[in-house]
């Protein structure tokens with residue numbers, strides 16, 4: 001393990017030196033390197049066999065020039081955003097192995113002015129490659145990960161001290177790897193992490209300019225929108241991929257220039273639910289369980305043409321043979337005028353993904369109050 005950390009430390013330090021020496025070319029705001037120490041979070045009993053060793057890692061982050069996205073950044077207290085590469089070793093080389101993740105991140109400060117001290121929130125999302133996966137014969141203890149390529153996400157709370165151009169920081173957060181049930185078993189791999197960070201700023205923090213009344217506008221927009229989506233999922237111990245289809249009807253109310261709240265109703269047809277009930281309950285196929293529908297409450301945070309969407313809802317009907325009546329969705333929307341592109345994960349509490357959805361939607365003409 002130590003040799004792996006030393007190898008990546010040399011690689012990342014060399015990369016940091018090269019980029020720092022080329023700062024006039026790259027013109028980015030900052031770059032930093034972090035040492036990571038953590039542990040596997042046991043959210044299911046079958047995770048216990050891989051939870052004992054500590055987690056070690058290193059990451060390098062590049063933050064874009066602070067003039068990028070200047071309009072929407074005013075409404076979020078001028079957050080920083082960029083890209084991040086993270087290496088982790090789970091000190092269990094034959095069962096869990098190592099992970100390599102490439103993510104984008106958004107760093108939101110809780111303070112209006114933070115020239116020296118800062119505290120806030122950082123969220124990351126992207127893709128990860130894990131070196132070891134579940135195998136019924138050779139690796140049965142790894143119930144968390146069954147595919148090399150996975151979705152990666154992390155939520156952190158951070159503190160930072162800046163002595164321009166150098167800064168040091170500490171953060172604590174939760175990291176999650178999952179394939180969205182494209183292949184099972186997929187309990188997901190969660191780690192609690194401590195980050196110790198050393199960084200270099202190429203420019204000072206952006207000057208905080210409050211949005212004018214004209215920029216704020218009047219949040220009086222009602223919005224009706226719909227989408228159709230599809231994807232694939234699997235059921236454990238059943239060698240077949242199931243294709244599911246979903247449609248959703250929604251109403252949103254824009255409460256300020258960057259936030260929307262709303263309600264929706266989802267209609268889902270997923271044949272995997274029948275097979276799941278056969279495998280896990282005393283279900284003998286007496287009725288079709290593939291169709292589900294139910295309402296949800298949702299919130300949306302807008303960043304220019306892109307937005308982050310979260311929703312929580314429940315399904316009507318008999319759920320005796322289902323894993324859960326409650327569900328939540330998290331993902332993104334991209335607006336191309338009235339056409340909407342959607343990518344999100346639908347899951348049930350806690351940390352158990354059901355499907356990854358990809359779809360297209362349409363926003364009906366807005367109605368002013």
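The values are calculated or read from the model by the stated rules, or taken from the named source; none is laboratory data. Everything numeric in this text was worked out from a predicted model, so none of it was measured. Quick reminder, even Gly has a Cβ in these numbers, built from the backbone with ideal geometry, and neighbours come from all protein chains shown.
Within the span defined as segment 147-156, one or more residues are outside any strand (DSSP E or B), assigned by TED's automatic domain parsing to the domain that holds residue 111 and under 30 Å from residue 96 (Cβ atoms).
The rows are residues; the columns are (1) within 18 Å of residue 225 (Cβ to Cβ); (2) in contact with a strand residue (DSSP E or B) (Cβ under 6 Å, 6 or more places away or on another chain); (3) modelled with pLDDT of 95 or more.
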position: 283; (1), (2), (3): no, no, no
position: 288; (1), (2), (3): no, no, no
position: 299; (1), (2), (3): yes, yes, yes
position: 302; (1), (2), (3): yes, no, no
position: 305; (1), (2), (3): yes, yes, no
position: 311; (1), (2), (3): yes, yes, yes
position: 314; (1), (2), (3): no, yes, no
position: 320; (1), (2), (3): no, no, no
position: 329; (1), (2), (3): yes, yes, no
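Apart from one condition, residue 100 fits all of (1) under 19 Å from the mean Cα position of the chain (by Cα); (2) surrounded by 21 or more Cβ atoms within 10 Å (Cβ to Cβ); the exception is (2).
Can you find a residue in segment 234-241 that is surrounded by fewer than 16 Cβ atoms within 10 Å (Cβ to Cβ), within 26 Å of residue 334 (Cβ to Cβ) and not assigned by TED's automatic domain parsing to the domain that holds residue 50? No.
A quick yes/no check of all residues on (1) touching a helix residue (DSSP H, G or I) at 6+ places or on another chain (Cβ under 9 Å); (2) modelled with pLDDT under 95; (3) more than 30 Å from residue 260 (Cβ to Cβ):
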{"residue": "170", "(1), (2), (3)": "no, no, yes"}
{"residue": "202", "(1), (2), (3)": "yes, yes, yes"}
{"residue": "213", "(1), (2), (3)": "no, yes, no"}
{"residue": "223", "(1), (2), (3)": "no, yes, no"}
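If you scan segment 257-293, which residues turn out to be in a strand (DSSP E or B) and surrounded by fewer than 18 Cβ atoms within 10 Å (Cβ to Cβ)?
Scanning segment 257-293 gives 259, 261, 263, 265, 267, 269, 291, 293.
Filtering segment 347-364 to residues that are free of Cβ contacts under 8 Å to residues at least 60 places away in the same chain and assigned to a strand (DSSP E or B) leaves 347, 348. When residue 162 is tested against the conditions (1) out of contact with any helix residue (DSSP H, G or I) (no Cβ under 6 Å at 6 or more places or on another chain); (2) more than 12 Å from residue 177 (Cβ to Cβ); (3) surrounded by fewer than 19 Cβ atoms within 10 Å (Cβ to Cβ), the lone failure is (3).
Looking at 188, 231 in this structure, which one is outside the structural domain of residue 110 (by TED's automatic domain parsing), within 25 Å of residue 155 (Cβ to Cβ) and in contact (Cβ under 8 Å) with a residue 24 or more places away in the chain? Give the derivation first.
On the way: 188 fails: outside the structural domain of residue 110 (by TED's automatic domain parsing).
Exactly one of 188, 231 is outside the structural domain of residue 110 (by TED's automatic domain parsing), within 25 Å of residue 155 (Cβ to Cβ) and in contact (Cβ under 8 Å) with a residue 24 or more places away in the chain, namely 231.
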